[in-house]
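Here's the structure, in structure tokens; my notes come after.
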Amino acid sequence: MPSNRRRPLPPFAPGLLLLLPFLAVAPPPAASAVGVNWGFASSHPLPAAQVVQGLLLPNSVPRVRLAAASSDALSALAGTGVAVTVGVPDALLRPLASSTKAAAAWVHDNITRYASSVRFEYIAVGDEPFLLSHGQHFQPFVVPAAANIKKALTAAKLSTKIKVVVPCSADTYQNASMLPSKASFRPDVNKTMGELLSFLSNNSSPFMVELDPFLSFQRHKNLSLDYYLFQLMSHPVKDGQNKYDNYFDASIDAVVTALTNAGFSDMDIIVGRAGWPTDGAVNATPAIAQSFMIGLVNHLAKKSGTPLRPKVPPVETYLFSLLDEDQRNTTNGGYERHHGIFTFDGQAKYYANIGQGPKSLKNALDVGYFPSKWCVIDNNKDLSNVSASFSAACSHGDCTALSPGGSCSGLGWPGNVSYAFNNYYQQHDQSEDSCDFNGLGLITTVDPSVNDCLFPLAIRTSAAASLHLTLAMFRLLVFWVCIFCL
């Protein structure tokens, strides 16, 4: 966003120490095994070349996990040396499981084409396919899809360089007591999990777990915020002879216990996601997110491991996430759209060591914004029926900042209506008719932002990035259907 509209970053040191008395002042360089997630669920994504050249490389990010195969992103990553994990969306699991030809086509289009210049590390099959809310919808297709991808890699002579993993949500294992020693895989996934673990073991692939500390914090009121932020605790959680003073170690050992109970005690672990939101809920702020990220990266850099695996930290850990995504699913809460270390337009929200060490993060430069125009409510009109327009704007836009505890939750009426109107207006590229709202909208050149509540200003971006992802999935689905039509 234009420099005069940026929120001030939370203090790092010494100011932050007043709030977080046990935070290390000078964090060590990020461990090489730390990477970032890069998602594409944005209405106005930064061009991939700008993300790579303006954010990843200037901040010395060593590895990145792509939510899906994007030709723009892969082309931009070519020749950079950044290690890349490519995601396979859940929607593709069935066609990939059903057809070796479909898997071969996916590998050819998204891996082989770029293998000479992109440093591929993993293919992550599925996007948390074992989520409890998914039920059995994706389970039958996970292992066959992973196996077909592996066969395609072998045929392409890439299987020794690229491993296949499957992201597993934290609710894949049961741990109601929050004691690691009580963890086990859910009964409804036991059979599939046994098949998956055998597949991973036979191919020397690690187990990938997705951690959501903020969701856990919301659900476990008996655990303090300090426990999640790696703060020194006078009363750590005791589990037999072991003591846990942070959520991260307890979560890793819960996975270790579940793997051990399933007969795979020595399997390596990758943390596919770990982050903290900055908006959209109470305790979702840049200052708290900064504390979490500093605590996590410092903790990983010590390589101290966990009580069950001393001096053996996760093989890799991917911070969640690089950029805000205003199209992410909000089933768990509006905060899901605010996990970015950077705003959607590539501006740092707080300090985090993603590879650059103690230096401040470099922001994206030369971002192309739309004109400084916003859509607000026209207070001179009859507003008795404005609620319908407000609801319509929010249902087709992003009003998560208005959620309780959000940065714009204090706007009140009619400021919250203006926020909704403007969000819809920006998502629709400032088209004049998108600020109509039955005559209740008004276009203004006066920035309506209030304190930390910033009214967004859209960036000019080609629809190609999202279109490439959509077309790639569409081509594969058509290819799969055609195979079964022959």
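The values are calculated or read from the model by the stated rules, or taken from the named source; none is laboratory data. Keep in mind the model is a prediction, meaning the values are calculated, not measured. No Cβ is skipped: glycine too gets one built from the backbone with ideal geometry, and neighbour counts run over all protein chains shown. Side chains included, ligands, DNA and RNA excluded: accessible areas come from the protein's heavy atoms. Shrake-Rupley method; radii C 1.70, N 1.55, O 1.52, S 1.80 Å.
Just subtract the alpha-carbon distance of Ser372 and Lys182 from 0.36 nm times their residue separation and send over the number in nm, one decimal.
That works out to 62.9 nm of additional length.
Return the FRET efficiency for the residue pair Asp429, His137: r is the Cβ-Cβ distance, R0 is 30 Å, and the value is rounded to the nearest 0.05.
Given R0 = 30 Å and the Cβ-Cβ separation, E is 0.30.
Considering the zone a paramagnetic label at Ala155 would reach in this model (a point 7 Å from Cα along the Cα-to-Cβ line), which residues of segment 71-102 have amide N under 14 Å from it?
Answer for this model: 96-102.
What ³J(HN,Hα) values, in whole Hz, does the Karplus curve 6.51 cos²θ - 1.76 cosθ + 1.60 give for segment 327-344 when θ = phi - 60°, with x put for Gly and Pro?
10, 5, 4, 10, 4, 7, x, x, 4, 4, 8, 10, 8, x, 5, 10, 5, 4
Net charge within 15 Å of Ala420 by Cβ-Cβ distance, Lys/Arg positive one each and Asp/Glu negative one each, not counting Ala420 itself? If you can, show how the numbers build up before the last one.
Numbers: positive: Arg337; negative: Asp326, Asp378, Asp398, Asp436.
With Lys, Arg at +1 and Asp, Glu at -1, the neighbours total -3.
Compute the relative contact order of segment 239-359 as a whole-number percentage, counting only Cα pairs closer than 8 Å that sit 6 or more residues apart in sequence.
26 percent
Could you tell me whether segment 384-423 comes out rounded, prolate or oblate from its Cα gyration tensor? Rule is a ≥ b ≥ c as square roots of the eigenvalues, rounded for a/c under 1.5, then prolate if a/b exceeds b/c, otherwise oblate.
oblate
Output the peptides 176-184, 50-58 sorted from most to least packed, where packing is the average of other Cβ atoms within 10 Å over each peptide's residues.
50-58, 176-184
Evaluated at 37 °C with a viscosity of 0.692 mPa s, what Stokes-Einstein diffusion coefficient in µm²/s does segment 335-379 have when Rh comes from the Kirkwood expression over alpha-carbon pairs?
249 µm²/s
Bin width 5 Å, alpha-carbon pairs only: give the P(r) of segment 63-178 as whole percents, running from 0 to the bin holding the largest distance.
Binned Cα distances yield the sequence 2, 12, 23, 23, 18, 11, 7, 3, 2, 0.
Per DSSP H run of at least 4 residues, take -39500 (n - 2.57); add these up for the chain, divide by its residues and hand me the 222 nm value, nearest 500 deg cm²/dmol. Before the final figure, lay out the partial values.
Details: 14 runs with 152 residues, N = 486.
Result for the chain: -9500 deg cm²/dmol, rounded to the nearest 500.
If you roll a 1.4 Å probe over the chain with all protein chains in place, what percent of the accessible area is carbon or sulfur?
Values: 11230 of 20330 Å².
In the chain, the share of accessible area belonging to carbon and sulfur is 55 percent.
If contacts are Cα pairs under 8 angstrom and at least 6 residues apart, what is the relative contact order of segment 329-430 in percent?
Taking the mean separation of contacting Cα pairs over the length of segment 329-430, I get 26 percent.
If r is the Cβ-Cβ distance from Lys303 to Asp245 and R0 is 25 Å, what FRET efficiency results, to the nearest 0.05?
Calculated value: 0.90.
Taking the full set of protein chains and a 1.4 angstrom probe, give the accessible area of Arg328 in square angstrom, rounded to the nearest 10.
60 Å²
In nm, what is the difference between 0.36 nm times the number of residues separating Gln174 and Asn202 and their Cα-Cα distance?
7.6 nm
A 31 angstrom limit on the alpha carbon distance is what I want to check against. Which of Lys182/Lys221; Lys182/Lys359; Lys221/Lys349 exceed it?
Lys182/Lys359
What are the residues whose amide H is under 5 Å from the amide H of Phe130, where those residues sit 5 or more places off or on another chain and H is modelled from the backbone?
Under 5 Å from the amide H of Phe130: Ser169.
Under 5 Å between amide hydrogens, which residues at least 5 positions from Asp239 or on another chain qualify, with H placed 1.01 Å from N in the peptide plane?
Tyr244
So what are the ³J(HN,Hα) numbers for segment 95-105, from phi and the Karplus equation (6.51, -1.76, 1.60; θ = phi - 60°), rounded to whole Hz, Gly and Pro as x?
For segment 95-105, the Karplus-derived couplings read x, 5, 6, 7, 9, 5, 5, 5, 5, 5, 5 Hz, x marking Gly and Pro.
Cut-off under 24 Å on the C-alpha distance; same-chain residues fewer than 8 positions from Lys157 excluded. Which lysines are left, in chain and number order?
The reachable lysines, counting only those whose Cα sits under 24 Å from Lys157, are Lys101.
Starting at the first residue of segment 402-414, write each ³J(HN,Hα) from the Karplus equation 6.51 cos²θ - 1.76 cosθ + 1.60 with θ = phi - 60°, in whole Hz, x for Gly and Pro.
7, 4, x, x, x, 5, 10, 5, x, 5, x, 8, x
Given H placed on each backbone N at 1.01 Å, which residues far from Gly280 in sequence or on other chains put an amide H within less than 5 Å of it?
Result for Gly280 returns Gly406, Ser407.
So between Asn380 and Asp436, what do we pick up on full extension, going 0.36 nm a residue minus the alpha carbon distance?
Taking Asn380 through Asp436 to full extension adds about 18.7 nm, to one decimal.
Which one is right for this structure if semi-axes √(5λ) of the Cα gyration tensor in Å is calculated from it: [x] 39, 29, 19; [y] 41, 33, 19; [z] 36, 29, 22?
[z]
What FRET efficiency, computed as 1/(1 + (r/R0)^6) with R0 = 60 Å and r the Cβ-Cβ distance, is obtained for Ile443 and Ser265, rounded to the nearest 0.05?
Step by step, r from the Cβ atoms, then E = 0.45.
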